[in-house]
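Since the structure comes first, as structure tokens, the remarks are kept for the end.
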Amino acid sequence: METGTADFVVIANRLPVDRVLSPTGKTMWRTSPGGLVTALEPVMVRNGGAWIGWHGAADEDVEPFEHNGMHLVPVPLSEDEVAEYYEGFSNSTLWPLYHDVVAPPEFHREWWDSYVRVNRRFAEKAAAVAQQDAVVWVQDYQLQLVPSMLRELRPDLRIGFFLHIPFPPTELFQQLPWRRQILEGLLGADLVGFQMPGAAQNFVRLVRQRVGHKTHRDTIYLPDGRVVMAKAYPISIDAAGFEELARTPDVIARAAEIRESLGNPKTILLGIDRLDYTKGLRQRLRAFGELIADGSLHVDDAVFVQVATPSRERVQQYKLLRDDINRLVGRINGDVARIGQQPVTYLHASYPRAEMAALYRAADVMVVTPLRDGMNLVAKEYVACRYDDRGALVLSEFAGAASELKSAYQVNPHDINGMKSMMLAAINAGPRENGRRMKAMRKQVMENDIELWANNFLEELTSDRELHEKNPRPV
Ligand code: G6P
């Protein structure tokens, strides 16, 4: 097969750009706010890198183009593929299954067929743009078959895979009718990265049990002599970038303005999430509503601002959630609001990074209580913005971030009473106590940023270590 020119290739379901209309009506592309592209852009520019991904619209072919020194290769999806591969298998089968089945996963054979077809398309694009011996990094649950499909087309490549979401316990993974194909798909990579060590262990155990390969700790030995490593690389954010943004006069002024327009309450609590059923929004809002209703908090003193970014809006479970949250917010505000004083401010919208930073700066208590979350970057963003060492973080123990942010007020999001008392503890702790906690969390976040994460992964992937020597094959 003919090779391309890119020395470093990223494959993700989405391209790292959003389409925007210029004032003159011309289509332009703007880098999306995600941390992944921030970390990888310099690596891409240095290596003549290419990024392969969907551009976000159905039934449309977009030619490859250059953006900020990166070669972007759009992958087309038909209307049916958006419904079956993206909304279906990726987000109504894998997403709930991998998040502890907090919503019931649906298993449909046509969705699987579409997933296979689209994964093959991504693999073929990558095979065409990658130079001989290039490094390819495949991202996330939408593309778990790409590593093995790509290896078949291009055995010369060094292939890495990173799963941004949790990898489920073996008992749940076994429900998947296509469990073996997914495991074999991932085994096409040389290095499979997870957020947590437990996830890597789940994967290795499943490979041993279901595929029958020999394994030893984080190493899998394939019958053809190839070796696959499975390890944890907890992802992070552009921590310095967030702090810098939070320090700008505009953001500081905007934070003051936000406080003012909320009526200068004693305490602002804040949640920022994609509108997703894994995020524990219902439980969190109920806990806050009860604190007001039972008199633990006074409606003049505390305000909860919940930003819910629209997400996957055509998927049934997301539609149900949206209606549920609307009703719940209406009920809480209806029950306990006073004229001019609404306890919950609910914003179903997405905001630019600077507005987020202002909200983080305005918030006394950040409430991040997912039922299950691979990492949760909002928790880390909040910490990065609190260079004043003020503020408190209430954090679910079921978010990956909990194992790094040990000084957060950790909660079990299913335990409403427990959450209520932790929110109160965070609100009532003095600045000394919260300052101590915030300092410890800041050290962790500022020292372990997204650049270090990417470097660690890519170093392991590209190191010329003699795997066989380091990890002798068990007999
Ligand atoms: C999670 C996933 C990403 C995904 C993002 C937004 O963070 O791990 O792969 O891109 O959600 O979801 P969307 O479906 O809009 O791409």
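The candidates PHE65, PHE242, arranged from most to least accessible area with a 1.4 Å probe in the full protein assembly, appear as PHE65, PHE242.
Within the stretch 239-448, what percent of beta bridges assigned by DSSP are antiparallel, to the nearest 5?
Antiparallel bridges make up about 5 percent of those DSSP assigns within the stretch 239-448.
On a 0 to 90 degree scale, rounded to 10, what angle separates helix 197-206 from the longest Cα axis of the chain? Helix 197-206 sits roughly 40 degrees off the main axis of the chain. Between the beta carbons of SER350 and SER421, assuming R0 = 30 Å, the FRET efficiency works out to 0.40 to the nearest 0.05. For the chain, the longest stretch holding no GluC sites (Glu not before Pro) located in a DSSP loop with at most 11 other Cβ atoms within 10 Å is which? Here the longest segment lacking exposed loop sites spans 61-312. Within the same chain, lysines fewer than 8 places from LYS439 are excluded, and of the rest, those with a Cα less than 25 Å from its Cα are LYS266, LYS380, LYS406, LYS420.
The share of accessible area on the stretch 239-448 that comes from carbon and sulfur is 49 percent, using a 1.4 angstrom probe. The C-alpha atoms of the chain define a longest principal axis, and helix 109-129 lies at about 70 degrees to it.
Spacing of the modelled spin labels on GLU260 and GLU459, each 7 Å from Cα toward Cβ, amounts to 4.8 nm. Cross-link candidates for LYS231: which aspartates and glutamates have Cα within less than 14 Å, leaving aside residues fewer than 8 places away along the same chain? Hits, sequence-local ones excluded: ASP190, ASP218, GLU459, GLU460. Compute the long axis of helix 416-428 from its Cα atoms, compare it with the longest principal axis of the Cα atoms of the chain, and write down the angle in degrees, 0 to 90, nearest 10. Helix 416-428 sits at roughly 70 degrees to that axis. Loop-located trypsin sites (Lys or Arg not before Pro) in the stretch 4-98 (DSSP state other than H, G, I, E, B) with a sparse environment of at most 16 neighbouring Cβ atoms within 10 Å: LYS26. Partner lysines whose Cα lies under 20 Å from the Cα of LYS319, excluding those fewer than 8 positions away in the same chain, are identified as LYS279.
The values are calculated or read from the model by the stated rules, or taken from the named source; none is laboratory data. Since the structure is predicted, the reported quantities are computational estimates derived from the model, not experimental observations. Backbone-built Cβ (ideal geometry, glycine too); neighbour counts: all protein chains shown. To get the accessible areas, we keep the full protein, side chains included, count just its heavy atoms, and leave off ligands, DNA and RNA. Shrake-Rupley method; radii C 1.70, N 1.55, O 1.52, S 1.80 Å.
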